[in-house]
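Here is the structure we will look at.
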Amino acid sequence: MSELASALPLSRAEFEQALRDKGRYYHIHHPYHVAMYEGRASRRQIQGWVANRYYYQVNIPVKDAAILANCRDRDVRREWVQRIHDHDGAAGGEGGIEAWIRLGEAVGLSAGEIRSQEHVLPGVRFAVDAYVQFARAASWQEAACSSLTELFAPRIHQSRLDSWPRHYPWIGEDGYHYFRNRMGEARRDVEHGLRITLDHFTTHEAQQRALDILQFKLDILWTMLDAMSMAYELERPPYHTVTDKGVWHRGLQQ
Ligand SMILES: O=C(O)c1cc(C(=O)O)c2c(n1)C(=O)C(=O)c1cc(C(=O)O)[nH]c1-2
């Protein structure tokens, strides 16, 4: 192929397909996640996942606020702001963060324990912080593109709804609201994020960058589960060779 031909951009449909093809690296394939939906996860592994993922949940609206702060397009902001309401809860309604705490209670954690972030591992914290930092520093279009792992999220939420009640009857029914709510919200979010991405990244170089951005986000999700595998599956939490106490820091920006 000549250099000129290789520099041609993908068509809109081909570019969308290339983004969707990144789904093969989604954390649904991480062994920690596979163990959870195949019923091989211990109670402690599920509790550890829920407690650690709380840090992702509370940072999503902060990340979305950073996108809004960088965006001068009122129409985009009007649509994007809905994501903050979804997680923080609009007046009178429960938001995703509250629903996540209910999931935590349903798996046997207390609300205080979850909110304190005492179980959040440094590796999870660093991965999530990298996502928020990226959204602050990047253009709003690039940050919107980084949310596109949500293309693959309805399937992962569905996999939990299909398998968890069967494998883990000890989890209370009240815990499943979060996953149910996200099925519709993620589809709507992704339609918007995809529109922005397909409109903005139109040259060959820009499309390659969008694919790199999506890979960066996939790396974040995968790395979070790597940290959890070390702590709750391999029993090698940070400093395990030195102490059995969780001495790591709990965040410097509380
Ligand atoms: O449970 C999951 O596996 C999962 C994954 C993702 C994702 O792919 O980033 C999100 C969510 N859940 C989620 O609940 C959510 O609200 C969410 C927002 C975003 C984002 O990047 O803006 N990703 C995700």
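Please state the relative contact order of the range 141-254 as a whole percent: Cα pairs under 8 Å, 6+ residues apart? Reported relative contact order: 33 percent. Computed extension gain for Q215 through R78, at 0.36 nm per residue and net of the alpha carbon distance, reaches 46.6 nm.
With all protein chains in place and a 1.4 Å probe, the accessible surface of the range 1-118 carries 49 percent carbon and sulfur.
Couplings 3J(HN,Hα) for the range 25-32, derived from phi with the Karplus relation 6.51 cos²θ - 1.76 cosθ + 1.60 (θ = phi - 60°), are 9, 5, 5, 4, 8, 5, x, 5 Hz, where x marks Gly and Pro.
Result for the chain in a Gaussian network model with C-alpha springs under 10 Å: among G93, G39, G172, the largest mean-square fluctuation is at G93. Couplings 3J(HN,Hα) for the range 122-136, derived from phi with the Karplus relation 6.51 cos²θ - 1.76 cosθ + 1.60 (θ = phi - 60°), are x, x, 5, 4, 5, 5, 5, 4, 5, 5, 5, 4, 4, 4, 6 Hz, where x marks Gly and Pro. Any chance you could give the angle, 0 to 90 degrees and rounded to 10, that helix 204-228 forms with the longest Cα principal axis of the chain? Between the helix axis and the principal axis of the chain, the angle is about 0 degrees.
If I take every Cα pair under 8 Å that is 6 or more residues apart in the chain, average their sequence separation and divide by the length, what percent do I get for the relative contact order?
Numbers: 293 pairs, mean separation 76.7, N = 254.
This gives 30 percent for the chain.
So what's the gap between the Cα centers of the range 45-98 and the range 126-142, to the nearest angstrom? Measuring centre to centre over Cα atoms gives 14 Å. Per-residue 3J(HN,Hα) values for the range 7-23, derived from phi via the Karplus relation 6.51 cos²θ - 1.76 cosθ + 1.60 with θ = phi - 60°, read 8, 5, x, 6, 5, 4, 5, 5, 5, 4, 5, 4, 5, 5, 5, 5, x Hz in sequence order (x marks Gly and Pro). What is the helix-to-structure angle for 96-106, meaning the angle in degrees between its Cα long axis and the longest Cα principal axis of the chain, kept from 0 to 90 and rounded to the nearest 10? For 96-106 against the chain, the angle is about 30 degrees. With the helix formula -39500 (n - 2.57) applied to DSSP H stretches of n ≥ 4, the chain reaches a computed 222 nm mean residue ellipticity of -21000 deg cm²/dmol.
Here the peptides 18-28, 60-70 are ranked by packing, the mean other Cβ count within 10 Å, and the order with the highest first is 60-70, 18-28.
For the range 107-198, the solvent-accessible area works out to 38 Å² per residue, with a probe of 1.4 Å and every protein chain left in place. Solvent-accessible surface of the range 1-84, taken per residue with a 1.4 Å probe and all protein chains present: 53 Å². With the highest mean first, a sort of the peptides 99-105, 10-16 on other beta-carbon atoms found within 10 angstrom per residue produces 99-105, 10-16.
In the range 1-134, Cα pairs under 8 Å separated by at least six residues give a relative contact order of 27 percent. On a 0 to 90 degree scale, rounded to 10, what angle separates helix 43-69 from the longest Cα axis of the chain? The two axes meet at around 40 degrees. Distance between the 7 Å Cα→Cβ label points at R188 and A130: 3.1 nm.
The values are calculated or read from the model by the stated rules, or taken from the named source; none is laboratory data. Model, not experiment: these values are computed from the prediction. Quick reminder, even Gly has a Cβ in these numbers, built from the backbone with ideal geometry, and neighbours come from all protein chains shown. Areas reflect the complete protein model, heavy atoms only, side chains present, ligands, DNA and RNA absent. Shrake-Rupley method; radii C 1.70, N 1.55, O 1.52, S 1.80 Å.
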